[in-house]
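The values are calculated or read from the model by the stated rules, or taken from the named source; none is laboratory data. Remember, predicted model here, so these are calculated numbers, not experimental data. Ideal geometry is used to build each Cβ from the backbone, glycine not excepted, and the neighbour counts take in all protein chains shown.
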Amino acid sequence: MLQIDGWLYRTCTWIYHFTLLNLIFLISCIPIITIFPATAAAFGVARQWIKKKEPPIITTYFQLMKENFRQSMVAGFFIVIFGVLLYGDFHIITKIDSNIKIFLYLVFCLMLVFFLAVVLHLFPLMVNGYYTGKQLLINALKFGLYKFHLTFINIICLYGLFFISLKFPIIFIFFFSSISIFITYWQSELKFTQLAIKNGMN
């Protein structure tokens, strides 16, 4: 049970990995401006894990943070801008007293889905290959809509994990971010693999 290949050893190892990555990520986000490079770095580490690699977490994390700093900041800028616009649109819609209010809510929900689809795939794509800023945004939207049920399941999982973290703050401190990033990259990797197989058959 305590052997290197035992289930208890593997479980303790994964708990350690997720906890360490979560703490490094939260600490890296303290300056606020580093949130997006920190997110890219965390996704890069998660990618290594899913690829069955076990790199030194701290060294790899800060190396990836440095490598993706510029592009992640640009991506983060667009995320913030569109997020603020959506937030403003929502408040405007709530104050409208008209028959078209329901229609506007539907349009808002559709825009929100597109926004979440892009956000959930920006960083997995960023750490999976080189793209220009324009290519990154376009491909993030394409991958978000490709096999959309996976994107939807991802959103549900993250919402459920967030809800649990609100009830138990210790989960947020030690696990929420790292597990959320791992789940998100995992579903993105499924799409990458399925698309590669599909293209290989054509």
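Of a type in the set (Phe, Trp, Tyr), out of contact with any strand residue (DSSP E or B) (no Cβ under 9 Å at 6 or more places or on another chain) and within 24 Å of residue 193 (Cβ to Cβ): is that true of residue 36 in this structure? If you could, list the steps in order and put the result at the bottom.
Values: of a type in the set (Phe, Trp, Tyr): yes; out of contact with any strand residue (DSSP E or B) (no Cβ under 9 Å at 6 or more places or on another chain): yes; within 24 Å of residue 193 (Cβ to Cβ): no.
Answer is no for this residue.
Please count how many residues of region 50-70 are within 14 Å of residue 124 (Cα to Cα) and either out of contact with any helix residue (DSSP H, G or I) (no Cβ under 9 Å at 6 or more places or on another chain) or surrounded by 20 or more Cβ atoms within 10 Å (Cβ to Cβ) (or both). Let's see the steps before the verdict.
Initially, region 50-70 is screened for residues within 14 Å of residue 124 (Cα to Cα), giving 50-51, 64-65, 68.
Right, trim to either out of contact with any helix residue (DSSP H, G or I) (no Cβ under 9 Å at 6 or more places or on another chain) or surrounded by 20 or more Cβ atoms within 10 Å (Cβ to Cβ) (or both) and you get 64-65, 68.
The qualifying residues number 3.
Within region 42-58, is there a residue that is farther than 19 Å from residue 183 by Cβ and part of a helix (DSSP H, G or I)? Yes - at least one qualifying residue is present in region 42-58. Contact map, region 59-80: first residue at pLDDT below 95, second residue exposed (fewer than 15 other Cβ atoms within 10 Å of the Cβ) and assigned to a helix (DSSP H, G or I), Cβ cut-off under 8 Å, separation 6 or more or different chains; pairs are 71/133; 74/133; 75/133. For region 147-168, the criterion of a residue being at pLDDT below 95, buried (at least 17 other Cβ atoms within 10 Å of the Cβ), farther than 30 Å from residue 12 by Cβ and of a type in the set (S, T, N, Q) is satisfied by at least one position. Scanning region 52-77 for residues that are farther than 19 Å from residue 31 by Cα and of a type in the set (A, V, I, L, M, F, W, C) returns a single hit, 57.
Only one of 175, 123 is within 30 Å of residue 17 (Cα to Cα), among the aromatic types (Phe, Trp, Tyr), surrounded by 13 or more Cβ atoms within 10 Å (Cβ to Cβ) and within 13 Å of the chain's Cα centre (by Cα); which? Working first, answer last.
On the way: 175 fails: within 13 Å of the chain's Cα centre (by Cα).
Going through 175, 123 in turn, just one is within 30 Å of residue 17 (Cα to Cα), among the aromatic types (Phe, Trp, Tyr), surrounded by 13 or more Cβ atoms within 10 Å (Cβ to Cβ) and within 13 Å of the chain's Cα centre (by Cα): 123.
The single condition from (1) in a helix (DSSP H, G or I); (2) over 23 Å from residue 24 (Cβ atoms) that residue 97 fails is (1).
Condition check ((1) part of a helix (DSSP H, G or I); (2) among the aliphatic types (A, V, I, L, M); (3) within 23 Å of residue 52 (Cα to Cα)) across all residues:
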{"residue": "111", "(1), (2), (3)": "yes, yes, no"}
{"residue": "117", "(1), (2), (3)": "yes, yes, no"}
{"residue": "149", "(1), (2), (3)": "yes, no, no"}
{"residue": "163", "(1), (2), (3)": "yes, no, no"}
{"residue": "173", "(1), (2), (3)": "yes, yes, no"}
{"residue": "176", "(1), (2), (3)": "yes, no, yes"}
{"residue": "186", "(1), (2), (3)": "yes, no, yes"}
